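**Q** Attaching a single structure in structure tokens format; questions to follow.
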Amino acid sequence: MAEKRGTVGGPVLTEWFGKAKLHTLDVYESLGGYSALRKVVTEMTAAQVIDEVKMSGLRGRGGADFPTATKWSFVPKDHPGPKYIVVNADESEPGSAKDRYLLENSPHMLIEGAAIATFAIGGHQAWIYIRGEYDLPYEMLRDAIAEAHTKGYLGDHPFGSDYPLDVRLYRGHGAYICGEETALLESLEGKRAQPRSRPPFPAVKGAWGLPTAVNNVETLATVPWIMRHGGPEYAKRGTEKAKGTRIVTVSGDVQKPGNYEIEIGVTYRHIIEELAGGARPGHKIKVFWPGGSSAKVLPGSMLDTSTDLDGLKALGTMGGSGGIIVMDDSHCVVKAAARLLRFYAHESCGKCTPCRVGSNWAVRTYERILANEGSETELGLLERVADGLQNGRCLCGLGDAAGWVIESTMRHFRGEYEEHCLRHTCSVGAVLAHA
Amino acid sequence: MSTLSSHLLDEIKELPAKYPQPRSAVMPALDLAQEELGHLTPEAMSEVAGALQLDPGYVEGVATFYTLFHLQPVGRHRFYICTNLSCMLRGAEDIVDRVKGAIGVREPGEVSKDGLFSYEEVECLGACEYAPVCRLDHRYEVDLTRAKIDLLVNNRRLPRKHIKSRPAADVTTPRPLPGSAGPPRTRGGRQSKPAPRRPARPPKESDG
Ligand SMILES: Cc1cc2nc3c(=O)[nH]c(=O)nc-3n(C[C@H](O)[C@H](O)[C@H](O)COP(=O)(O)O)c2cc1C
Ligand code: SF4
Ligand code: FES
């Protein structure tokens, strides 16, 4: 791979990034790696681990912001038989690459975090579900797990204790919907990845019908730091309600795209202009997706918005997966929205009618608009389809996300839509090359 | 006579024991079959089903759901070109055009005459900071330009030694008829049967 683009030596997650051979157990351990797992299995109880993570205020980085300690505590303690941690390494949200960045830098960080989480829920096995396209991260994880077994940090007696711990790998085969946690579990069980209806929640009936907590890569990779430094130390970072740091991926029309570790609460202006170098000379930022393609867009005039999760919620959008997509004034908003709808339509698992039919309907409408066949009718159609996709009419978040793309781009860029539909022009001269 | 080699079928029979429940072995098993044959034929899928004691229709249902399983012959080197938003903003459409020209095909899924190449347009590869990107021979190629595509293609046309030892190209690879790639696969529409395939023997090529 090319040179790594992103923060090295940052405050928490990227603290050791940039050190030579960090992906090997020896280097990782020489810096302090595996000291947290050692302490956990030899000195602590599961309840103490959950308490420490609770004090940190850590929330899930997979998109839903759910408090991690709470999720773990939902797994019934006295359930007989196996319980699982399932690691969501399916990262497929357009704009998001931070889990890959973490894995390519430090696979042991995830393995250590997953093992600690497994201990915390009283389980013995963690399963990492990794998207099939991530060949290099898969190979690095496979080798790192083998190293940890050889050292005796995983296995029947990790660090000499009597608490067996193992981490296993499972490869996905190309389907965005596998990132949705219940679809992921179906896939892990060898089925077509269609989301399950809830309840029962995975904490009660998850992988192979047994109690399970599904966590994102970045969420678990944060856990060793929290155990080394203590929950309260982590909670000193971030804002009142959104603690800590996270990694954002900045892509699109910026001068220095990359993965940046930020303290939650900094503004998008700081990330896009300071860290990612801002727009190309002579161009202005027109729009950005603050948290993956599934987060409602914000116009360039709102760069001063804070990354505080509750603040974003108040604006009707979210920090989501942390993928920030930036688009400047040389690109057409209608064409960008059309591309994303094609993505959601392609990835719809087909289980709910509003999602399956609505997303394809939107694709065809966008195609007509970009072929200069739009009119008042198409504007009305898009509004109706967007409404039909949202507000809990679909089983999982994919349907909503498709609706949000239409709704939020129409709300902020009504003028561009009207230009296309009513005057049949495009101020930036976009053409639909691959309809 | 079976399509899959007997040692592969033995390997597949060992898989279920690695998982808490045997059904989880279906994708790893299809992986092995695809690696041996290049793509999944109906016979291969039903042999996988037999080895795992599953219904052939079930196995086919799984295979058709996931984009990394190929039901049609593919080139030995496959370009999975990301055309999602971040890559589109940085010229992915141009990259697709260049790949088509360089390998001499008209549409996704079509195999080049020499059997060496095919391409697909795919959704976000999770490497948006390197846009435009593609996956080729199990690695990501990043910051793509037209010149870089030409280089990637030309390198793979050289005598094989320096890349990886694999069986020689099978130029008799059955190719899909022009236009048979059909409309883009939408998961919602995947309940339907895949297009019929030719009965000819598939190429003996490995993936890796
Ligand atoms: C359509 C869809 C796609 C998703 N994709 C991912 C993903 O690729 N990675 C991920 O970690 N979470 C993804 N999620 C969120 C997961 O369902 C789940 O909330 C998350 O893995 C929980 O982990 P966390 O609590 O650590 O965030 C997705 C959700 C939806 C609705
Ligand atoms: S909303 Fe779409 S992707 Fe989600 S379950 Fe329904 S059809 Fe499947
Ligand atoms: S959009 Fe191309 S890698 Fe993410």
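The values are calculated or read from the model by the stated rules, or taken from the named source; none is laboratory data. Predicted, not measured: the structure shown is a model, and the values here were computed from it. As a convention, Cβ positions derive from the backbone with ideal geometry for all residues, glycine included, and neighbour counts pool all protein chains shown. Only protein heavy atoms, including side chains, enter the accessible area calculation; ligands, DNA and RNA are left aside. Shrake-Rupley method; radii C 1.70, N 1.55, O 1.52, S 1.80 Å.
**Q** Among the residues of the range A:125-142, write down those that are acidic (Asp, Glu) and touching a residue at least 24 places away in the same chain (Cβ under 8 Å).
**A** The one that is acidic (Asp, Glu) and touching a residue at least 24 places away in the same chain (Cβ under 8 Å): A:Glu133.
**Q** What number goes with the only condition from (1) open to solvent by 20 Å² or more (accessible area, probe 1.4 Å); (2) farther than 30 Å from A:Ala337 by Cα; (3) in a loop (DSSP other than H, G, I, E, B) that B:Ser46 does not pass?
**A** Unmet condition: (3).
**Q** Quick one: is A:Gly174 without any contact (Cβ under 8 Å) to a residue 60 or more places away in the chain, assigned to a loop (DSSP other than H, G, I, E, B), within 16 Å of ligand 3 (Cβ to nearest atom) and outside the structural domain of A:Ser293 (by TED's automatic domain parsing)?
**A** Against the criterion (without any contact (Cβ under 8 Å) to a residue 60 or more places away in the chain, assigned to a loop (DSSP other than H, G, I, E, B), within 16 Å of ligand 3 (Cβ to nearest atom) and outside the structural domain of A:Ser293 (by TED's automatic domain parsing)), A:Gly174 qualifies.
**Q** Could you please tell me which pairs satisfy a Cβ distance under 7 Å, a separation of 6+ or placement on different chains, a first residue in the range A:61-72 that is among the small types (Gly, Ala, Ser), and a second residue that is part of a helix (DSSP H, G or I) and more than 6 Å from ligand 1 (Cβ to nearest atom)?
**A** Every condition considered, the pairs that remain are A:Ala69/A:Ile50; A:Ala69/A:Val53; A:Ala69/A:Lys54.
**Q** From the list A:Glu112, A:Glu181, which residue is open to solvent by 20 Å² or more (accessible area, probe 1.4 Å), in contact (Cβ under 8 Å) with a residue 60 or more places away in the chain and not polar (S, T, N, Q)?
**A** After applying the criteria, what remains is A:Glu181.
**Q** Also: Any chance the range A:297-313 includes a residue that's part of a loop (DSSP other than H, G, I, E, B) and within 12 Å of chain B (Cβ to nearest Cβ)?
**A** yes
**Q** Quick one: is A:Gly292 at positive phi and open to solvent by less than 10 Å² (accessible area, probe 1.4 Å)?
**A** Spelling it out, A:Gly292 is indeed at positive phi and open to solvent by less than 10 Å² (accessible area, probe 1.4 Å).
**Q** Here's something else I'd like to know. Of all residues in the range A:332-365, count the ones that are open to solvent by 30 Å² or more (accessible area, probe 1.4 Å) and within 14 Å of ligand 3 (Cβ to nearest atom).
**A** 2
**Q** I need every pair where a residue in the range A:204-228 that is under 19 Å from A:Val41 (Cβ atoms) has its Cβ under 7 Å from the Cβ of a residue that is of a type in the set (Asp, Glu) and open to solvent by 10 Å² or more (accessible area, probe 1.4 Å), sequence separation at least 6 or different chains.
**A** Filtered contacts from the range A:204-228: A:Ile226/A:Glu52; A:Met227/A:Glu52.
**Q** I would also like to ask the following. When the range A:91-137 is examined, which residues are found to be more than 16 Å from ligand 1 (Cβ to nearest atom) and either under 20 Å from A:Ser294 (Cα atoms) or of a type in the set (S, T, N, Q) (or both)?
**A** If the condition is that a residue be more than 16 Å from ligand 1 (Cβ to nearest atom) and either under 20 Å from A:Ser294 (Cα atoms) or of a type in the set (S, T, N, Q) (or both), then A:Asn105, A:Ser106, A:Gln125 are the ones that fit.
**Q** Something else now. Would a scan of the range A:73-83 turn up a residue that is buried (at least 20 other Cβ atoms within 10 Å of the Cβ) and either over 19 Å from A:Pro158 (Cβ atoms) or within 16 Å of ligand 3 (Cβ to nearest atom) (or both)?
**A** yes
**Q** Related question: Taking the condition of being within 16 Å of ligand 3 (Cβ to nearest atom) and of a type outside the set (Gly, Ala, Ser), how many residues in the range A:179-195 meet it?
**A** Residues that pass the stated criteria total 0.
**Q** Something else about it: With the condition kept exactly as written, say whether any residue in the range B:19-36 is more than 14 Å from chain A (Cβ to nearest Cβ) and either crowded, with 18+ Cβ neighbours inside 10 Å or in contact with a helix residue (DSSP H, G or I) (Cβ under 7 Å, 6 or more places away or on another chain) (or both).
**A** Yes, because at least one residue in the range B:19-36 is more than 14 Å from chain A (Cβ to nearest Cβ) and either crowded, with 18+ Cβ neighbours inside 10 Å or in contact with a helix residue (DSSP H, G or I) (Cβ under 7 Å, 6 or more places away or on another chain) (or both).
**Q** Only residues that are out of contact with any Gly (no Cβ under 9 Å at 6 or more places or on another chain) and among the hydrophobic types (A, V, I, L, M, F, W, C): list them for the range A:269-313, please.
**A** A:Ile271, A:Val297, A:Leu298, A:Met302, A:Leu303
**Q** Can I ask one more? Against the condition surrounded by fewer than 18 Cβ atoms within 10 Å (Cβ to Cβ), within 16 Å of ligand 3 (Cβ to nearest atom) and outside any helix (DSSP H, G or I), how does B:Asp143 come out, does it pass?
**A** Spelling it out, B:Asp143 is indeed surrounded by fewer than 18 Cβ atoms within 10 Å (Cβ to Cβ), within 16 Å of ligand 3 (Cβ to nearest atom) and outside any helix (DSSP H, G or I).
**Q** A further question follows. In the range A:1-52, how many are among the polar types (S, T, N, Q) and closer than 22 Å to A:Lys83 by Cα?
**A** 3
**Q** Got at least one residue in the range A:31-53 being within 14 Å of chain B (Cβ to nearest Cβ) and buried (at least 24 other Cβ atoms within 10 Å of the Cβ)?
**A** Checked the range A:31-53: no residue is within 14 Å of chain B (Cβ to nearest Cβ) and buried (at least 24 other Cβ atoms within 10 Å of the Cβ).
Okay, residues lined up against (1) part of a helix (DSSP H, G or I); (2) within 21 Å of A:Pro137 (Cβ to Cβ):
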{"residue": "A:Val8", "(1), (2)": "no, yes"}
{"residue": "A:Trp16", "(1), (2)": "no, yes"}
{"residue": "A:Ala20", "(1), (2)": "no, yes"}
{"residue": "A:Tyr28", "(1), (2)": "yes, yes"}
{"residue": "A:Val53", "(1), (2)": "yes, no"}
{"residue": "A:Asp65", "(1), (2)": "no, no"}
{"residue": "A:Val86", "(1), (2)": "no, yes"}
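**Q** Does A:Pro202 satisfy the condition of being within 16 Å of ligand 2 (Cβ to nearest atom), in contact with a Ser or Thr (Cβ under 8 Å, 6 or more places away or on another chain), farther than 30 Å from A:Ile285 by Cα and not polar (S, T, N, Q)?
**A** It is true that A:Pro202 is within 16 Å of ligand 2 (Cβ to nearest atom), in contact with a Ser or Thr (Cβ under 8 Å, 6 or more places away or on another chain), farther than 30 Å from A:Ile285 by Cα and not polar (S, T, N, Q).
**Q** Now for a separate question. Does at least one position in the range B:90-113 carry a residue that is within 16 Å of ligand 2 (Cβ to nearest atom) and polar (S, T, N, Q)?
**A** no
**Q** Another one. Mind telling me which of the residues B:Gly101, B:Gly50 ends up being more than 17 Å from the chain's Cα centre (by Cα) and within 30 Å of A:Lys335 (Cβ to Cβ)?
**A** B:Gly101
**Q** A follow-up question, please. Are any residues in the range B:111-140 more than 9 Å from every other protein chain (Cβ to nearest Cβ), more than 15 Å from the chain's Cα centre (by Cα) and surrounded by 22 or more Cβ atoms within 10 Å (Cβ to Cβ), and if so, which ones?
**A** B:Pro132, B:Val133
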